[in-house]
1. If you add up the charges near A:GLY95, with Lys and Arg at +1 and Asp and Glu at -1, over every other residue whose beta carbon is less than 14 angstrom from its beta carbon, what do you get?
2. Extension gain A:GLU25-A:THR450, at 0.36 nm per residue separation less the Cα-Cα distance, in nm?
3. For A:LYS87 and B:THR86, what does the FRET efficiency come to when R0 = 41 Å and r is the distance between their Cβ atoms, rounded to the nearest 0.05?
4. Please report, to one decimal in angstroms, the Kirkwood hydrodynamic radius of region A:1-71 built from all distinct Cα-Cα pairs.
5. I'd like the interface area for chains B and A: accessible area of each alone minus the complex, both sides summed, 1.4 Å probe, protein heavy atoms only. What is it in Å² to the nearest 100?
6. Roughly speaking, what is the centre-to-centre gap between region A:150-228 and region A:416-468 when only Cα atoms are used, to the nearest Å?
7. Probe 1.4 Å, all protein chains in place: accessible area of B:MET147 in Å², nearest 10?
8. Can you return the lysines within cross-link range of A:LYS358? Criterion is Cα-Cα under 20 Å, with same-chain partners fewer than 8 residues away left out.
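The values are calculated or read from the model by the stated rules, or taken from the named source; none is laboratory data. Remember, it's a predicted structure, so these values are computed and weren't measured experimentally. Cβ atoms come from the backbone with ideal geometry, glycine included; neighbour counts cover every protein chain shown. Ligands, DNA and RNA are excluded from the accessible area calculation, which covers all protein heavy atoms including side chains. Shrake-Rupley method; radii C 1.70, N 1.55, O 1.52, S 1.80 Å.
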Amino acid sequence: MSRDFDFILIGSGVAATLVCQRLLEANPLASILILEAGERIPSRDRRSWWDLVLARKTPYSATYDDDSTKSPAQESFSTGNVSWGFKESRVRAYGGSTMHWGGWSLRFKEEDFQCRSRTGRGADWPFGYDELEPWYALAEQILAVGGDASDEGPMRSGLYPLPPYPWSAHEAELANGFDTIGLKPGHMPMARFKRCVTTGTCKYCPIGARYSAQDHLDALLFDPAHRNLGLKTSAPVRRILADRNLVHGVEYFDAASSTFATAHARQVIVCAGAYESTKLLLASVSPEWPAGLGNRYDQVGRYIVTHLLFSVEGTRPANPQSLFQEYDFPTLMSRSWDTPQRQAEGKMFVFNNRALPKIEFENLMIQGKTRAQIDQIAGGPSRAGLSAFIEEFGDPQNRLTLAPGTGKFGLPKTRVSFSRRNPERFLAVVSAAQDELFKCLAALGYSRDTQAKADPRGDHASGTCRMGLSPDASVTGANLAVHGLDNLYVCSNAVLPNAAAVNPTLTLAALALRLGAYLSAGASQ
Amino acid sequence: MSTPAFWDEPLPATMLDPPASPLSNQEIDALWGLFKAIAIHWSLDIEVELLRSRWLDMLEARSAGQPDFRGEYGNAAQVYTALVTTLGEPAAIAKIYQDTIVTKPEQALTRLTHAKFYVANDFIRCFVATGGFRAFVPKARNYTGFMGGSRFRAWPPVRTGTKS
């Protein structure tokens, strides 16, 4: 079956949703087809929420990558001298990874847009922070971000739409320790609507308070004014169809009819996350594009980066106020190490370990502890922790490619090859930072306990279709159009030239709103 | 060979199949007794009636979908009733919450251990999350799973502090 649409959007996460919103604001009758490879997993389902509270189960865990080397169904592979983690890093369902994200919504900083000019590492964006600032402000409005505009951060043209969460008692005490190591404490900007009731079950919010693209896209779909907006789930796109410099549609698997179908459109926007956006370009091979769309210079898939998460924990002998994880999400953070001075070595974003101090009364009761024993534990030794992301830089040797075969949802399997050229130096920077963070805990009476460095994980994977001015060093241009094609765009973390120090979701949201406005202006002409 | 007590009758480790009918009022009353016993056993000074609506919400939610807990709920109601009838309430409560520790599904091999693992343990989790945590730490305001109300009320949803 073929049909003409104005736009086809591939993916249904925050990027597709915000592009779609802008297109519909400009023209409510715009003909838009959204194709999502995954299924609809209902949000705000009571049973699913109770399963999370009682059994720590989430309804979307089956969509996670299977990267186990012991599994015959392994679909994600890691090579290189650094192990790349896929586990639990993305949700492949209607709404995308906003089904499980924590809502942290930070802007990149001014220097992140000039990384290569300033440090000789990474890449420059094809435009500066000032260009994106108004879109950041709009994204914060739409995602309902609460924060403190007086906290450290980039220049802002206005306040946050909502006030920040107050620090918990434990976090306020940690904030006092920040002075010891020159960190200025701030409030984690969070994408939560006014109706948040702080259940701490953000991984599956029972009332849709934490921003979810599914809830947002549902509102757009259910609006009777948008009668030409359609969504297909269980519809993985296998190929984008192009003739020379023009794409004319996509080929996808239609689960409803169990057949391959073709949909035609004037513009195609790939909003399928860093992995799938990249793999789709690579898979869209034709005589004119033998290495995949936009890949004349073998740039598609290169420069993959993410954040390494490192942490420290300490213990002190007593917890007289029996403080524990009342929020179960962090509200204390600092961007004092996210500065131009640290950019060459990798900027860092510091935040509280939201799970500590941990007192799980229910587990103690299930284990048969008496009231006296539980009271003693609640006032006894307690732990605190600090965590941080560190920025890494795109390297052409690191790349995302197609692995043979298909995995879940009919999507091609994934291979990431990630290596560090100077791992000892990088890990020494991380260790030094961990030593600094321990000083903060020590100032509060905690003795050094554990420290950890997690493998890089795909939650913040980016760079594989990076923006740039030159087609021989980038895949997309300043307006996210794929080089060499007039009507194909990528809008996912894949386009980010740098990872910066913070998670990319708000930046992606800003880019999506900007792209939607650009496409609307073009359509109106 | 003497007949085992009702609650010691053997069962397979897998979850019991749900019946065709919904839980009866009698079963719900028995299960509510099992839930209230948590406060009694751990000497928790809390108005348990305030937790009932959330507890009923949990019960209803877990009586549908997969897995359906009604088979286990029915068994737990029978076990608790039998224990109270035979041993008296204090001993029945101690039997379930003190003497019977089951933390893995493969340990649920009798009616009693089924009742503990699949029902009483969840009741404990529900009890704590819906407000029971405050009975341990009266000044605590929030807990994972607790619906504390809008964060734009006059008072904050968690214990707070200020940076000195």
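1. Details: positive: A:ARG40, A:ARG44, A:ARG90, A:ARG92, A:LYS203, A:ARG210; negative: A:GLU36, A:GLU39, A:ASP45, A:ASP215, A:ASP218.
Once positives and negatives cancel, what remains is +1.
2. Values: separation 425, 0.36 × 425 = 153.00 nm, distance 5.11 nm.
Computed gain between A:GLU25 and A:THR450 is 147.9 nm.
3. Values: r = 49 Å, r/R0 = 1.19.
With a Förster radius of 41 Å, E is 0.25.
4. So the Kirkwood estimate lands at 15.3 Å.
5. On the way: alone 9770 and 20900 Å², together 26310 Å².
For chain B against chain A, roughly 4400 Å² becomes buried.
6. 24 Å
7. The accessible area comes out at roughly 70 Å².
8. A:LYS57, A:LYS203, A:LYS369, B:LYS139
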